[in-house]
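> Here you go, one structure.
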Amino acid sequence: MRNPLSDRIVGIKPSGIRKFFDIVSEMKDAISLGVGEPDFDTPWHIRDEGIYSLEKGRTFYTSNAGLKELKIEISHYLERRFHLSYDYDKEVMVTVGGSEAIDIALRAMINPGDEVIIPQPSYVSYEPCAILANAVPVIIDLKAENEFRLTAQELEDAITDKTKIVVLPFPNNPTGAIMEQKDLEAVAEVIIRHDLFVISDEIYAELTYKGRHVSIAEIPGMWERTVLINGFSKTYAMTGWRLGYACAPAAIIAQMLKIHQFAIMCAPTTSQYAAVEALKNGNGDVAMMREQYNQRRRYLVNAFREMGLPCFEPYGAFYIFPCIKEFGMTSDEFATRFLEEEKVAVVPGTAFGDCGEGFLRISYAYSLENLKIAIGRLADFVEKLRAEKR
Amino acid sequence: MREELLRVIEKNSRIDLKELAVILGVEEIDVVNEMAAMESEGIICGYHTLIDWEKTSIEKVSALIEVRVTPQRGQGFDNIAERIYKYPEVHAVYLISGGYDLLIALEGKSLKEVSYFVSDKLAPLDSVLSTATHFILKKYKDHGTILARKYEDNREKVSP
């Protein structure tokens, strides 16, 4: 029999998180700091709207690009929060989570052999999606001394005459890094000069702790070069609803929509009705969640300082990315021993790119009470390792 | 900081001051001063414990009583409210808009004790026109806390 599999897909490494997931799920009493989703329930008024839409029998497909009402709310939201103007009819589409938007944006823009610049550490799907889209991924290793921000020089150095797209994953999972206006202006200059496009994954846009998030699309000359991706998962604690969106110039959205139409048809209808409610009346929920994440963030920054683990202060998302190089172990070894000996799961930085070596991703999508228990165990573990070294 | 501080201690008044300072991103001394200031301004009125008495062996009966009263010249409702709130078994007194005037939350050891309060203390007051007593059968949620349910983390333990 012939090999039924595609060489390209077989060649893609499975997600580095999988291995940990398998160990942790067998360990009953393990506690976890490894989760990449909010601990809050979706606010009740949003869930209620989803339930109500089911009761009313709104169980049909929506149009491919999404409910008109939702697209209008999305364009209002982007205008209100980021002064970005998108025509709801031609420049906005609703997707199955931000993840689908990443995939179809790449597929809609890539010709075989085009290079896509991906700064790492970053979310696990950019590189495989680029490969699946026939692109050549070019990785930039972001640096701790730059607080894992992308600098204009790093970008400049990665550009070749084949470069077409730059992925901008900020606020960043797993590092918690953000890009402020001046950082964005610096890279925008390079992008415009080399005539490149940007896929800007802004799924954590509402979770920043140093002023409001700035979108690269706000920088003059960048709107027409940017596919902006956002969604409801992190902002409104709606991960399981699988709902995101992409905004871009009409010519790009039209092609993305073609892939979406043939592969997906439309995003879940119930989720879309719930999302309308989220955008209309969810501001207070977002503020409440942001405040609580921020309190936990401050708690962790302080705890790592007391432990003496080097860690830059993260201003975005709900992750902190401490450095464990002093122990002379790989991230994987550290995380495995920590799990076995203290029964706490964290994700090794290498799950998000090779340059995550020497770091751990710690999520603070947990209540302060739970964080305290887990961080107490981390402090014990760090003491133990230091004693071993002596 | 004041507003955020209040939101935190409204949910958890036992949080220690050092930790409070850390999560608010301020100095401990500033937290101490701010709390002292708010205590003296009467913004912080007490530090209570939310107890689900149902789960203890102690018998308690709670009731909400709607009261219609005649306001007094020059005093409005304040005088009559004061006469009522001075009873220690009265937990709360609110002036209400709508069909009646005062809403009283009452806690007693038994049905008899509550009835006694209504018939012998409350109803005979001169300005009280009528009362309607509602006994509380079950508390689902109190002070923003759901009493029946414990938080369960149903998320996958590791996710990207």
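The values are calculated or read from the model by the stated rules, or taken from the named source; none is laboratory data. Keep in mind the model is a prediction, meaning the values are calculated, not measured. Please note: Cβ atoms are built from the backbone with ideal geometry, for glycine as well, and neighbour counts cover all protein chains shown.
> May I ask you to say which residue of B:113, B:39 is of a type in the set (Asp, Glu) and in contact (Cβ under 8 Å) with a residue 24 or more places away in the chain?
Details: B:39 fails: in contact (Cβ under 8 Å) with a residue 24 or more places away in the chain.
On inspection, the qualifying residue turns out to be B:113.
> Can you pull out the residues in the stretch A:23-37 that are under 22 Å from the mean Cα position of the chain (by Cα) and either of a type in the set (Ser, Thr, Tyr) or facing chain B (nearest Cβ under 9 Å) (or both)? Full working, then the answer.
In the first step, residues of the stretch A:23-37 are kept if they are under 22 Å from the mean Cα position of the chain (by Cα); the result is A:32-37.
Once the filter is applied, which keeps residues that are under 22 Å from the mean Cα position of the chain (by Cα) and either of a type in the set (Ser, Thr, Tyr) or facing chain B (nearest Cβ under 9 Å) (or both), the stretch A:23-37 yields A:32, A:34, A:35, A:36, A:37.
> Next question, about the same structure. I'd like to know if the stretch B:63-83 contains one or more residues that are in the same structural domain as residue B:129 (by TED's automatic domain parsing) and surrounded by fewer than 11 Cβ atoms within 10 Å (Cβ to Cβ). Before you say what the answer is, go through the steps one by one.
Here is the first cut: in the stretch B:63-83, the residues in the same structural domain as residue B:129 (by TED's automatic domain parsing) are B:63-83.
Within this subset, residues satisfying the condition of being surrounded by fewer than 11 Cβ atoms within 10 Å (Cβ to Cβ) are B:73-74.
Yes: one or more hits.
> Criterion first (more than 28 Å from residue A:160 (Cα to Cα) and part of a helix (DSSP H, G or I)) does residue A:213 satisfy it? Give the steps one after another, and end with the answer.
Details: more than 28 Å from residue A:160 (Cα to Cα): yes; part of a helix (DSSP H, G or I): no.
No: the conditions fail for residue A:213.
> Could you tell me which of the residues A:110, A:102 is within 14 Å of chain B (Cβ to nearest Cβ), within 23 Å of residue A:261 (Cβ to Cβ) and aliphatic (A, V, I, L, M)?
Of A:110, A:102, the one residue that is within 14 Å of chain B (Cβ to nearest Cβ), within 23 Å of residue A:261 (Cβ to Cβ) and aliphatic (A, V, I, L, M) is A:102.
> Does the stretch A:1-14 include one or more residues that are within 14 Å of chain B (Cβ to nearest Cβ), assigned to a loop (DSSP other than H, G, I, E, B) and not β-branched (Val, Ile, Thr)?
Scanning the stretch A:1-14 turns up at least one residue that is within 14 Å of chain B (Cβ to nearest Cβ), assigned to a loop (DSSP other than H, G, I, E, B) and not β-branched (Val, Ile, Thr).
> Restricting to the stretch A:122-146, name every residue that is closer than 17 Å to residue A:183 by Cβ and crowded, with 19+ Cβ neighbours inside 10 Å.
Selection gives A:122, A:140, A:142.
> With A:9, A:17, A:46 as the choices, which residue is touching a helix residue (DSSP H, G or I) at 6+ places or on another chain (Cβ under 9 Å), farther than 30 Å from residue A:281 by Cα, surrounded by 10 or more Cβ atoms within 10 Å (Cβ to Cβ) and at pLDDT 85 or above?
A:9
> Just one of B:100, B:94, B:47 is under 20 Å from residue B:130 (Cα atoms) and within 16 Å of the chain's Cα centre (by Cα); which is it?
Selected residue: B:94, the only one of B:100, B:94, B:47 that is under 20 Å from residue B:130 (Cα atoms) and within 16 Å of the chain's Cα centre (by Cα).
> Something else: Here is a check on your reading of the model: is residue A:87 over 23 Å from the mean Cα position of the chain (by Cα), assigned to a helix (DSSP H, G or I), away from chain B (no Cβ under 14 Å) and not β-branched (Val, Ile, Thr)? First the steps, then the outcome.
On the way: over 23 Å from the mean Cα position of the chain (by Cα): yes; assigned to a helix (DSSP H, G or I): no; away from chain B (no Cβ under 14 Å): yes; not β-branched (Val, Ile, Thr): yes.
Criteria not met by residue A:87.
> In the stretch A:17-38, what residues are in contact with a strand residue (DSSP E or B) (Cβ under 9 Å, 6 or more places away or on another chain) and not in a helix (DSSP H, G or I)?
Scanning the stretch A:17-38 gives A:27, A:30, A:31, A:32, A:33, A:34, A:35, A:36, A:37.
> Could you check residue A:53 against (1) surrounded by 14 or more Cβ atoms within 10 Å (Cβ to Cβ); (2) under 26 Å from the mean Cα position of the chain (by Cα); (3) at negative phi and say which number it fails?
(2)
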